[in-house]
Each structure stands twice: as structure tokens, then as C-alpha cells.
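**Q** Below are the C-alpha cells for one structure; questions will follow.
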Ligand code: ADP
Ligand code: MG
Ligand code: MG
């Protein structure tokens, strides 16, 4: 993005002493302020933390793009709350991918089981969403945001992201002015992601109301065993506890051991914390930071556990239907021009057009639609395929096939299952460089930034579909080396960053 900054920012540090000083400050600030993850190495006592990978400088990001992404978030919240209430629409898309995707088939099955076992009792659903974008430069060189994906489950890094913004702001006041190539005053927007996401959870907690069984109520975080990104979750948890809301972490693998459904028509979800099984809480809100991929369901009892959550009266964040609305297939169908699905879910032409502008080309890979047939040609052509990424219906990073790997992967999949994937045009942001501090080592070079905007939404899933709460909730900037395909921080490819608006 040198055209935006004159090429002098972010500076390339050449003086070793300068580098060392800046790195030392980042190392200490990060641990002191919980910008950290658990290490991958053996740590039997569970006492170690290491710095989350981070850029030395906030990356320049076009202000118009940043503001557009933030402004559109409440429309995205509304859109996905509507999609997740349209059972028929979701069911038809599940049919298209389920043949080659057992996981999606099982999630849909779970929804059908709830319906056949007395239906849903809780009318509210909470979404903690994150819409991800990259900056795209079109032919007449204007810059615009293009959506990479929309996350409806376990949207992570809200906790670490607020800390990263604080780190860069601290450095801009203390360290950057001391550098030989000291940058000019930076425009660093505030980032309230921790507080805003916690506010979403808090709103749902209060909407649930007091227990009719006279139990204390709580928020339950369902988590993965051995989670390394735990401090990200802890920041949210502490923000909730500080407003006197009891929060508990429960491994997804232990749901059936520690929760049960009350034998009442409402089916309250009761939770007894392990140290004192006589004490029983009612889970007002259940926030999933697990359960988004097949590895969390190694046995039928894990599916039984998810069913227990879904059938109960707890406000699920998200419900299984909301999880399914985050399928890449949904994103593809919304972005396919000739079927104009988007207009069905939007409330005005203006809203429709603003959302539409953020889409890039995404194709189905089915064998029946004309778009699918075209995409099959593109995906198997050795030159054309280089412009695309092929995605299955998965979350959490590391699942996609890029460019030249697409035809080889398709060869391994029976043709009748190609429709379980979508084919998406690769977005290539303008070139930019920065320095990443990862595992104590500096990596300097070309980088690609991905902006995520958080949103919180609470709606009535029964009847009117009324939205009770709808807010934009701060942002995340993740940056990766420009030679890397994936950008997930937890998956080990990307790093934390924040924006310097230009
Ligand atoms: P996941 O749900 O696993 O995070 P994503 O759709 O976000 O899946 O893909 C993972 C990563 O792949 C993104 O963070 C981004 O770095 C890269 N990626 C995905 N789609 C595109 C695209 N259309 N253009 C450029 N990079 C992409
Ligand atoms: Mg995702
Ligand atoms: Mg992603």
C-alpha cells in the first residue's frame, strides 16, 4: 500500500539496538497485559505463557474501507439472524453439501432431533459474529473491502485484539518517537472488542431473566481441551465477571458429566461446578468456543452433549441453525448474481446494495447449475485455477485448497461430491510490508492483512424474528506473510495486528 503512505511507513528497522529495545518492550508489555497464548511445548504444571505473534507496527489500512466495514456490520448481523431462522432455505443448502460432508449432515440431523423431541424451548438466540475482509483494488484503482467469510460460531481473537490495539497505542506514545525513522503521528482508532463482545453476552444473560427454579444463573463457556488461545477467552470472561455475572468454563467433552436438563416443560440447563456438585446454576447463556468442527465430536456421546445444549432452555451462542448459516455454501448462494437470494433477506434496496458491494465472485461446484458447470471448468483448468481458493464447509483454518492444489484435490473426490465445496476468487490486496515478531524472532517482508469486524445480535427465533439487540463490536486485524495462503493466528500462520488509518 505504498501508494497510500509514500512507502516510508511502516519503517524498516536497520539499527540492531533499536530493534532490540522495541522487541523487549513488546515482549514485556504482551505478557504483562495478557497478549499471550499457552506454549505448544510440554507444560505439565500449566504455568507457561508466551507472546502472541504480533507486528512491530500497526499496518496502514484505508480509512474509508475500515469505516465501511464497521458501518455495515449491523446489516450483516440482521442478515444472518434472518438466514438462521429460515429453516427451509438452510435445509435446501444442507441437502446440496451433505452428500460429501458428514459433519454438516450431522448438524442438520441434530436440528431435526430437537424438533422431534419436543422442539426448541428457548426463543432467543445470540450471535457473536465476525465478518472478515481484505482490501481489494479494482481496475480504476479505488480501494474497497471484499468479504473473505462470515463467522457465526466461536469467532475468536476479540480478547487479544483489544490488547493489540492497546499495545500499538502504547508503542506509539513511548517507543516509536525514539526511532531514527520515527513515524509521523498515527491514527489509531479505539478498539473495544473485549468490552463489546462481553456486552453482547451480558445482554443475553439479562434477557434470560431470573431462574424460575430459584437457582443462581450463569454464563457457560464451552471450550476445547488443551486450548492454547485461552487468554483470548479469559479476557471476555473477566469482562463479564467484573459485572458480577458468574461465568464457568466447561470442556465440550464434559458436558454430559456436569450438566443436565431439568424435568420441567422449559427444560432449563442445570450446571453443577465440579468442586461443589451440591451447588447448581442455571445456564442462562451457553457460549461455544468449541463444537465448530468434527474433531470435537469423536464419539456419539459428543453429539448427545450438543443435543442437550440445543434442546435446553439456555440461550445458545450460537444455535445449531445459526452455526449452519455460517456455511461457506450460504455465502456463495448469497453472492451468486442470477438467483438474487440476498434480496429475500434484506429490508431495503440500500441495505442490499451495501452488502452486495462487499461480495466477490464465489461459485458453486455442482453439476446442474450453469454457475456450477462454469466453476468446474475453472477449477480443473491448470491456468484458471490459479485465481481461486476452494473451500469445504469448515471452520478454524487449515481446511482450504489454494490455486494449483485445486485440480489435484478434485481428482481425489468423487465428482458427485464436488458440490460440497465452493470456489472463490482470490482477493489480492495492494502490496504492503511490515515486521512480525513471532516466537522471539523477527520476520520482515511483504504482508497481507485481513480485517475482521465483530457484531453481536440477539433475536427472537420464534414468531416475529424481532431483533432485541444489534451492535457492531470492535475489530480484529490479522496479518500474514504474503507467501502464506492461510492467515489464522491460532492455526500458526498469521499474527495479531491493528490498523493505522490512512
Ligand atoms: P476459515 O473459516 O477456516 O477461517 P476462511 O474462509 O477464512 O476459512 O479461509 C482461511 C484463510 O484463507 C483466510 O483467513 C485467508 O487468509 C485465506 N483466504 C480465504 N479466502 C480467501 C480469498 N477469497 N482471497 C484471499 N485469501 C483468502
Ligand atoms: Mg471461519
Ligand atoms: Mg477465516
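**Q** Of the residues 477, 468, 501, which single one is crowded, with 21+ Cβ neighbours inside 10 Å, in contact with a helix residue (DSSP H, G or I) (Cβ under 9 Å, 6 or more places away or on another chain) and modelled with pLDDT of 95 or more? Steps first, please.
**A** On the way: 468 fails: crowded, with 21+ Cβ neighbours inside 10 Å; 501 fails: crowded, with 21+ Cβ neighbours inside 10 Å.
Going through 477, 468, 501 in turn, the sole match is 477.
**Q** Any residue at all in the stretch 368-388 that's buried (at least 17 other Cβ atoms within 10 Å of the Cβ), farther than 20 Å from residue 486 by Cα, at pLDDT 95 or above and within 16 Å of ligand 1 (Cβ to nearest atom)?
**A** yes
**Q** What do you reckon, is residue 399 within 16 Å of ligand 2 (Cβ to nearest atom), under 25 Å from residue 99 (Cβ atoms) and either touching a strand residue (DSSP E or B) at 6+ places or on another chain (Cβ under 8 Å) or modelled with pLDDT of 95 or more (or both)? Let's see the steps before the verdict.
**A** On the way: within 16 Å of ligand 2 (Cβ to nearest atom): yes; under 25 Å from residue 99 (Cβ atoms): yes; either touching a strand residue (DSSP E or B) at 6+ places or on another chain (Cβ under 8 Å) or modelled with pLDDT of 95 or more (or both): yes.
So residue 399 fits the description; yes.
**Q** Next question. Can you report the number of residues in the stretch 174-222 which are under 22 Å from residue 162 (Cα atoms), part of a loop (DSSP other than H, G, I, E, B) and in contact with a strand residue (DSSP E or B) (Cβ under 7 Å, 6 or more places away or on another chain)?
**A** Total satisfying the criteria: 6.
**Q** Please find, among 455, 494, 446, the residue that is more than 14 Å from ligand 3 (Cβ to nearest atom) and either under 16 Å from residue 158 (Cβ atoms) or out of contact with any strand residue (DSSP E or B) (no Cβ under 6 Å at 6 or more places or on another chain) (or both).
**A** Working: 494 fails: more than 14 Å from ligand 3 (Cβ to nearest atom); 446 fails: either under 16 Å from residue 158 (Cβ atoms) or out of contact with any strand residue (DSSP E or B) (no Cβ under 6 Å at 6 or more places or on another chain) (or both).
455 is the lone residue from the list that is more than 14 Å from ligand 3 (Cβ to nearest atom) and either under 16 Å from residue 158 (Cβ atoms) or out of contact with any strand residue (DSSP E or B) (no Cβ under 6 Å at 6 or more places or on another chain) (or both).
**Q** For the stretch 474-481, does any single residue satisfy the condition of being away from ligand 3 (no atom under 16 Å from the Cβ) and under 25 Å from residue 291 (Cα atoms)? Let's see the steps before the verdict.
**A** To start, the set of residues in the stretch 474-481 that are away from ligand 3 (no atom under 16 Å from the Cβ) comprises 474, 481.
Filter once more, so that each one left must be under 25 Å from residue 291 (Cα atoms): 474.
Within the stretch 474-481, one or more residues are away from ligand 3 (no atom under 16 Å from the Cβ) and under 25 Å from residue 291 (Cα atoms).
**Q** Could you figure out which of (1) touching a strand residue (DSSP E or B) at 6+ places or on another chain (Cβ under 6 Å); (2) assigned to a helix (DSSP H, G or I) isn't true of residue 389?
**A** (2)
**Q** I need the strands (runs of 3 or more DSSP E) fully contained in the stretch 447-502, keeping only those with at least 2 residues that are more than 17 Å from residue 435 (Cβ to Cβ).
**A** By residue number, 467-481.
**Q** Checking residue 138 against (1) surrounded by fewer than 21 Cβ atoms within 10 Å (Cβ to Cβ); (2) closer than 30 Å to residue 60 by Cα; (3) touching a helix residue (DSSP H, G or I) at 6+ places or on another chain (Cβ under 9 Å), which single condition isn't satisfied?
**A** (3)
**Q** If you check 80, 120, which single one turns out to be more than 16 Å from ligand 3 (Cβ to nearest atom), in contact (Cβ under 8 Å) with a residue 60 or more places away in the chain and within 26 Å of residue 221 (Cα to Cα)?
**A** Details: 80 fails: more than 16 Å from ligand 3 (Cβ to nearest atom).
Among 80, 120, only 120 is more than 16 Å from ligand 3 (Cβ to nearest atom), in contact (Cβ under 8 Å) with a residue 60 or more places away in the chain and within 26 Å of residue 221 (Cα to Cα).
**Q** What is the one condition in (1) touching a residue at least 40 places away in the same chain (Cβ under 8 Å); (2) in contact with a helix residue (DSSP H, G or I) (Cβ under 9 Å, 6 or more places away or on another chain); (3) not in a helix (DSSP H, G or I) that residue 132 does not satisfy?
**A** (2)
**Q** Would you kindly identify the helices (runs of 4 or more DSSP H) lying entirely within the stretch 1-84 that contain at least 2 residues that are within 30 Å of residue 146 (Cα to Cα) and out of contact with any strand residue (DSSP E or B) (no Cβ under 7 Å at 6 or more places or on another chain)? Before you say what the answer is, go through the steps one by one.
**A** Details: elements: 2-5, 16-32, 63-71, 73-83.
Per the criteria, 2-5, 63-71, 73-83.
**Q** Ok, one more. When you scan the stretch 316-370, how many residues do you find that are assigned to a helix (DSSP H, G or I) and closer than 27 Å to residue 401 by Cα? Break it down stepwise before answering.
**A** First, the residues of the stretch 316-370 that are assigned to a helix (DSSP H, G or I): 320-325, 328-335, 337-339, 342-345, 349-356, 370.
Checking the rest, the ones that are also closer than 27 Å to residue 401 by Cα come to 320-325, 328-335, 337-339, 342, 355-356, 370.
The qualifying residues number 21.
**Q** Starting from the stretch 41-62, keep only residues that are more than 30 Å from residue 431 (Cβ to Cβ), then list their pairs with residues that are surrounded by 20 or more Cβ atoms within 10 Å (Cβ to Cβ) and at pLDDT 95 or above whose Cβ atoms are within a distance under 6 Å, requiring at least 6 positions of separation or different chains.
**A** Here the result reads 49/36, each pair linking the stretch 41-62 to a residue that is surrounded by 20 or more Cβ atoms within 10 Å (Cβ to Cβ) and at pLDDT 95 or above.
Residues checked against (1) under 23 Å from residue 287 (Cα atoms); (2) crowded, with 22+ Cβ neighbours inside 10 Å:
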| residue | (1), (2) |
| --- | --- |
| 144 | no, no |
| 153 | yes, yes |
| 164 | no, yes |
| 169 | no, no |
| 178 | no, no |
| 185 | no, no |
| 191 | yes, yes |
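**Q** Which members of the stretch 130-169 meet the condition of being away from ligand 1 (no atom under 15 Å from the Cβ) and farther than 30 Å from residue 296 by Cα?
**A** Across the stretch 130-169, the qualifying residues are 139, 140, 141, 142, 143, 165, 166, 167, 168, 169.
**Q** Out of the stretch 450-460, which residues are more than 16 Å from ligand 2 (Cβ to nearest atom) and touching a helix residue (DSSP H, G or I) at 6+ places or on another chain (Cβ under 8 Å)?
**A** Initial filter on the stretch 450-460 (more than 16 Å from ligand 2 (Cβ to nearest atom)): 456-460.
456, 457, 458, 459, listed by residue number.
**Q** I need every pair where a residue in the stretch 419-431 that is within 24 Å of residue 479 (Cα to Cα) has its Cβ under 8 Å from the Cβ of a residue that is within 16 Å of ligand 3 (Cβ to nearest atom) and in a loop (DSSP other than H, G, I, E, B), sequence separation at least 6 or different chains.
**A** 424/360; 425/360; 427/360
**Q** Quickly run through the stretch 101-147 and pick out the residues that are under 20 Å from residue 400 (Cβ atoms) and under 11 Å from the mean Cα position of the chain (by Cα).
**A** Across the stretch 101-147, the qualifying residues are 130, 131, 132.
Every residue, every condition in (1) more than 16 Å from ligand 2 (Cβ to nearest atom); (2) on the phi > 0 side of the Ramachandran plot; (3) under 19 Å from the mean Cα position of the chain (by Cα); (4) at pLDDT 95 or above, yes or no:
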residue: 236; (1), (2), (3), (4): yes, no, yes, yes
residue: 270; (1), (2), (3), (4): yes, no, no, yes
residue: 293; (1), (2), (3), (4): no, no, yes, yes
residue: 299; (1), (2), (3), (4): yes, no, no, yes
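**Q** Is there a residue being closer than 27 Å to residue 144 by Cα, under 27 Å from the mean Cα position of the chain (by Cα), within 10 Å of ligand 1 (Cβ to nearest atom) and not in a helix (DSSP H, G or I) anywhere in the stretch 409-421? Walk me through how you get there before you give the answer.
**A** Restricting attention to the stretch 409-421, the residues satisfying the condition of being closer than 27 Å to residue 144 by Cα are 421.
Now narrow it down to the ones that are under 27 Å from the mean Cα position of the chain (by Cα): 421.
This time we only want the ones that are within 10 Å of ligand 1 (Cβ to nearest atom), so: none.
Taking every residue of the stretch 409-421 in turn, none turns out to be closer than 27 Å to residue 144 by Cα, under 27 Å from the mean Cα position of the chain (by Cα), within 10 Å of ligand 1 (Cβ to nearest atom) and not in a helix (DSSP H, G or I).
**Q** Residues of the stretch 422-434 being in contact with a helix residue (DSSP H, G or I) (Cβ under 9 Å, 6 or more places away or on another chain), assigned to a strand (DSSP E or B) and farther than 21 Å from residue 336 by Cα, which ones?
**A** Listed by number, the list holds a single entry, 433.
The values are calculated or read from the model by the stated rules, or taken from the named source; none is laboratory data. Keep in mind that this is a model prediction, so the values were computed, not measured. Here the Cβ is made from the backbone with ideal geometry for all residues, glycine too, and neighbour counts use every protein chain on show.
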